[in-house]
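Trainee: A single structure is presented below for examination.
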Amino acid sequence: MEMFRSSAAHAAAPASPPEPLLARVIVDNLTRRQAHSPEGASTHDWYMAVAYTVRDRMVERWLKTAREVSREDVRVVAYMSAEFLTGSHLENHLINLDLLEPMREAVASLGLDFDAIAAEEEEPGLGHGGLGRLAACFMDSLSTLQLRAIGYGIRYEYGIFDQVIEDGAQREIADRWLHGGNPWEVIRPEAGVEVALGGRTEGWTDERGRARIRWIPERVITGIPYDTLISGYRVERANMLRLWKAEARESFDFQSFNRGDYVGAVDEAITSETISKVLYPNDEVARGKQLRLEQQYFFVACSLADMLRYHMSQGRTLESFPDRYAVQLNDTHPSIAVAELYRLFIDIHGLEPDAAWDLVRRTFAYTNHTLMPEALERWPLPLFRSVLPRHLELIEELDVRLRAEIEARFPGDTARAGRMAIVDHGGEGQVRMAHLASAGSHAINGVARLHTELLERDVLRDFFELWPDKFTSVTNGVTPRRFMALADPDLAALLTRTLGDGWLSDIETSLPRLESHLEDAGFRSEWRAIKRRNKELLAAYVQATIGLELDPSSLFDIQCKRFHEYKRQHLNALHVITQARRLKRGEGRDLPPRTVLVSGKAAPGYFMAKLVIRLLHGIAAAVNDDPDVAPWLKVAFVPNFNVTVAQKLYPAGELSEQISTAGKEASGTGNMKFALNGALTIGTLDGANVEIREAVGEDNFFLFGLTTDEVAAVKARGYEPRRHYDEDRELRDAIDAIAAGEFSRGDRDLYRPLVDHLLGRDDFLLLADYRSYVDMQGEVLRAYADVERWTTMSILNTARSGRFSSDRSIREYQARIWKA
Ligand code: 26W
């Protein structure tokens, strides 16, 4: 082992003396924490040793922040989210601590391969997609902007499934991310919380003769917090993520055991632990499952009890709670918090309902992330009553309040009151969580300008008309630390050489300075060379993963996101089929070659989405081995899209596919990551695409498709998708090819559900947007053929996308909602 040769060896180390301390500390951690000598250590042991070394470096910053929070009268942001898609921690912390290079050298000085060590880290897949990743980007920016914050969530034992592709079909594998141990978390058993569930309520009279209600739960479980440090970029502070694990109060029932009822002895433990066992795999579709409601209430109850306990332990008053904590509800998943805090104030702390409600509203703010009706959570009343009987009583009381407020503002408008009620008593009854969140919050925001407009105009129209001042819009953002510096180190190095060392702390003001280098030939050729290298790296990964050789001189056209019909991965497929048929006819061979890469998971129960994944594999099989097509067009499905895979895709992207039906994608954040890495967008005027196009300039954006209003008009007129099929020969050919089994080894039945849907309903207007999309894709290739023009457009996309930093988003939340 290098480490044990005489120190003379080290004298020869590169210019910036490596941190010998680092190497020594790593070996110390290997021996002390992993109980391994360097000789016998596995790469995983070295990873753990390196991880502990980095974690130890940050503990001081964390304790410093905690001390300040306890001493100062600062407001703490509590970000409540059922999902945190953090990605791997090691390299992100090293970027934030400016230790990546020194660590690479220290590890090299031990004769080890840093990348192999870093690859040992299991990515915590504690989320599905956009919402979960946004929460993680926000935590990075909260730390970097040195705002005191706690991220509250669930420590799922099994995160989002791993996707494997078998014969073109997705198969889900359980994500045992914890099996190798997790060096980044610290268990806090002393901060455990007891959470009640089920049961009934009963009245009682308190010492002041007041009629009170108490909750007699059917069962009580324990929540144990696990804390993970969240570092910031080049700052002396760190925040934390407090994720809750469910455990039985009594993890072992000796009486049952002594009675020989061995199953009974651990029964409670098993049932309790299931609450934090697994992340629900479906996104954008609310399935009223009891366990999901219990998961939501569990982490909310733990988190609010944790905040109140700390608040009271500091001798602070309940009245000052909203001044101390700004609680952000990341969609409706944690919105039961509104009723829980109301219950705690009234039932536990004996506050008067009016005072309690005022405190509740001043504490919460609610972010909506979707317009999809099926994604809005509505809990069946019987289920809700059986799990949370006391909360239902309180919510019924809140509905009385709400009705009074509506009556005062819209006298006699019972229809409006009915539409707005939190509890919809129609049929078996439903508890509408978006209504609870809206009523219980002082601020409501959408995640892109168009999205907020649609919220105010449609989904939350009644609430906007009642409380217009509550509504604001905060366009999403992404952290440049992970999605530029970590994912695209060559680009980051060029930006550091060009913009100076501090660019990463404030890309909103630094990136625009790139425009002054637009005419610099050296800068331009480096720009192209970096993109080329990133494409070669991705090509190597694709070769290694699916055994497909890609042409790094071709246009890398990438669509990576969750599979959903509104995201229209099947529109991308229709374009590929059309292109392949043209090439088969010998057309378009004068244009540059294109590589279409698609990546994303489908919810396990989402039949149509899984069918589109199969179709893409069928098309790839047909195209990639066809000598008349493959030299100009190849298709690659990159399996198991997650944060780690995403970090390989964004830097290599040249064309970013953001092709959702206008009015459906709330914002999108992948669109921002691609633009920041110099990719050009082909997209509709949907979500944040609208603002990206405004920022980069319409000449540097490939726009197509119907607008939101045009979509509404087409639907209002009565949409007949078959008309497009009849009138557009290329479209008809493409659909007929699918129906004929060309991508399913002649099986004409496999894709029938998809073809029938497209020709029958086509809810997401693929056929209506097909021609505009295919023609714009032609524009793209013609633009790509002009290397200098493309380089300019690419540089301008990066230079003008600084506003899509999550630092800017957090500054807006801070200024308009939290005022922390
Ligand atoms: C109840 C099941 C469920 C689970 C997750 C319903 C809805 C969700 C999320 C809201 C889905 C989601 O991730 N939405 C995405 O949020 C991103 C961050 O704001 C946006 O950029 C995306 O446009 C939006 O689809």
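The values are calculated or read from the model by the stated rules, or taken from the named source; none is laboratory data. Worth saying up front: this structure is predicted, and the values here are computed from it rather than measured. Reconstructed Cβ throughout: ideal geometry from the backbone, glycine too, with neighbour counts over all protein chains shown. For the accessible areas, the whole protein counts, side chains as well, though only heavy atoms, and no ligand, DNA or RNA atoms are used. Shrake-Rupley method; radii C 1.70, N 1.55, O 1.52, S 1.80 Å.
Trainee: Answer with yes or no whether residue 589 is in contact (Cβ under 8 Å) with a residue 40 or more places away in the chain and within 28 Å of residue 528 (Cα to Cα).
Mentor: yes
Trainee: May I ask you to say which residue of 145, 134 is of a type outside the set (D, E, K, R), within 13 Å of the ligand (Cβ to nearest atom) and within 20 Å of residue 805 (Cβ to Cβ)?
Mentor: Exactly one of 145, 134 is of a type outside the set (D, E, K, R), within 13 Å of the ligand (Cβ to nearest atom) and within 20 Å of residue 805 (Cβ to Cβ), namely 134.
Trainee: Looking at segment 287-307, which of the residues that are open to solvent by 10 Å² or more (accessible area, probe 1.4 Å) and away from the ligand (no atom under 15 Å from the Cβ) is nearest to residue 341 (Cα to Cα)?
Mentor: Only one residue fits best here, namely 305.
Trainee: Report, ordered by the first and then the second residue, all pairs with beta carbons closer than 7 Å, sequence separation of six or more or different chains, a first member in segment 37-51 that is over 15 Å from residue 111 (Cβ atoms) and of a type in the set (A, V, I, L, M, F, W, C), and a second member that is open to solvent by 50 Å² or more (accessible area, probe 1.4 Å) and outside any helix (DSSP H, G or I).
Mentor: Close Cβ pairs satisfying both conditions: 48/33.
Trainee: Separate question: Look through segment 99-114, keep the residues that are part of a helix (DSSP H, G or I) and within 20 Å of residue 484 (Cα to Cα), and return whichever of them is nearest to the chain's Cα centre (by Cα).
Mentor: 100
Trainee: Still on this structure, I have one more. Just to check your reading of the model, which residue among 736, 699, 747 is part of a loop (DSSP other than H, G, I, E, B) and open to solvent by 40 Å² or more (accessible area, probe 1.4 Å)?
Mentor: Of 736, 699, 747, the one residue that is part of a loop (DSSP other than H, G, I, E, B) and open to solvent by 40 Å² or more (accessible area, probe 1.4 Å) is 747.
Trainee: Only residues that are open to solvent by 50 Å² or more (accessible area, probe 1.4 Å) and farther than 26 Å from residue 213 by Cα: list them for segment 316-354, please.
Mentor: 323 - this is the single residue of segment 316-354 that is open to solvent by 50 Å² or more (accessible area, probe 1.4 Å) and farther than 26 Å from residue 213 by Cα.
Trainee: Moving on. Which one of these is in contact (Cβ under 8 Å) with a residue 24 or more places away in the chain, surrounded by fewer than 21 Cβ atoms within 10 Å (Cβ to Cβ), away from the ligand (no atom under 16 Å from the Cβ) and over 22 Å from residue 692 (Cβ atoms): 526, 508, 519?
Mentor: 526
Trainee: Then there's this: Within segment 676-689, how many residues turn out to be under 20 Å from the mean Cα position of the chain (by Cα) and either within 14 Å of the ligand (Cβ to nearest atom) or of a type in the set (Lys, Arg) (or both)?
Mentor: 4
Trainee: Do the conditions hold for residue 673, that is, is it within 16 Å of the ligand (Cβ to nearest atom), modelled with pLDDT of 95 or more, under 28 Å from residue 553 (Cα atoms) and basic (Lys, Arg)?
Mentor: yes
Trainee: Among strands (runs of 3 or more DSSP E) lying entirely in segment 169-230, which contain 1 or more residues that are surrounded by fewer than 15 Cβ atoms within 10 Å (Cβ to Cβ), free of Cβ contacts under 8 Å to residues at least 60 places away in the same chain and of a type in the set (Ser, Thr, Tyr)? Explain how you work it out, then say what you get.
Mentor: Values: elements: 169-173, 185-187, 193-197, 200-205, 211-216.
Per the criteria, 200-205.
Trainee: Are any residues in segment 361-386 closer than 13 Å to residue 431 by Cβ and within 16 Å of the ligand (Cβ to nearest atom), and if so, which ones?
Mentor: 376, 377, 378, 379, 380, 383, 384 - these are the residues of segment 361-386 that are closer than 13 Å to residue 431 by Cβ and within 16 Å of the ligand (Cβ to nearest atom).
Trainee: Output the strands (runs of 3 or more DSSP E) that fall wholly within segment 341-432 and possess 2 or more residues being closer than 19 Å to residue 443 by Cβ and among the hydrophobic types (A, V, I, L, M, F, W, C), or say none.
Mentor: Result: 364-367.
Trainee: Any residue in segment 366-379 that is free of Cβ contacts under 8 Å to residues at least 40 places away in the same chain sitting within a Cβ distance under 7 Å of a residue that is within 8 Å of the ligand (Cβ to nearest atom)? List the pairs, counting only those 6 or more apart or interchain.
Mentor: none
Trainee: Also, I was wondering about something else. With the condition kept exactly as written, say whether any residue in segment 148-161 is within 16 Å of the ligand (Cβ to nearest atom), out of contact with any helix residue (DSSP H, G or I) (no Cβ under 6 Å at 6 or more places or on another chain) and among the β-branched types (Val, Ile, Thr).
Mentor: Within segment 148-161 (the criterion being within 16 Å of the ligand (Cβ to nearest atom), out of contact with any helix residue (DSSP H, G or I) (no Cβ under 6 Å at 6 or more places or on another chain) and among the β-branched types (Val, Ile, Thr)), the answer is yes, since at least one residue qualifies.
Trainee: Conditions first: (1) open to solvent by 10 Å² or more (accessible area, probe 1.4 Å); (2) part of a helix (DSSP H, G or I); (3) within 13 Å of the ligand (Cβ to nearest atom). Residue 452 passes all but one, so which condition is the exception?
Mentor: It fails just one condition, (1).
Trainee: If you take the residues of segment 618-642 that are open to solvent by 10 Å² or more (accessible area, probe 1.4 Å) and among the aliphatic types (A, V, I, L, M), which of them is nearest to the ligand (Cβ to nearest atom)?
Mentor: 620
Trainee: Now for a different question. Pick from segment 308-340 the residues that are of a type in the set (Gly, Ala, Ser) and touching a strand residue (DSSP E or B) at 6+ places or on another chain (Cβ under 8 Å): which of them is farthest from the ligand (Cβ to nearest atom)?
Mentor: Ranking the qualifying residues of segment 308-340, first place goes to 326.
Trainee: Does residue 117 satisfy the criteria of being among the β-branched types (Val, Ile, Thr), open to solvent by less than 10 Å² (accessible area, probe 1.4 Å) and either assigned to a helix (DSSP H, G or I) or closer than 16 Å to residue 185 by Cβ (or both)?
Mentor: Yes: the conditions hold for residue 117.
Trainee: Another one. So the check is Cβ under 7 Å with 6+ separation or different chains; which pairs have a first residue in segment 59-88 that's of a type in the set (Gly, Ala, Ser) and a second one that's open to solvent by 20 Å² or more (accessible area, probe 1.4 Å) and within 16 Å of the ligand (Cβ to nearest atom)?
Mentor: 82/333
Trainee: Is there a residue in segment 371-378 that is open to solvent by less than 40 Å² (accessible area, probe 1.4 Å) and more than 30 Å from the chain's Cα centre (by Cα)?
Mentor: No, every residue in segment 371-378 fails to be open to solvent by less than 40 Å² (accessible area, probe 1.4 Å) and more than 30 Å from the chain's Cα centre (by Cα).
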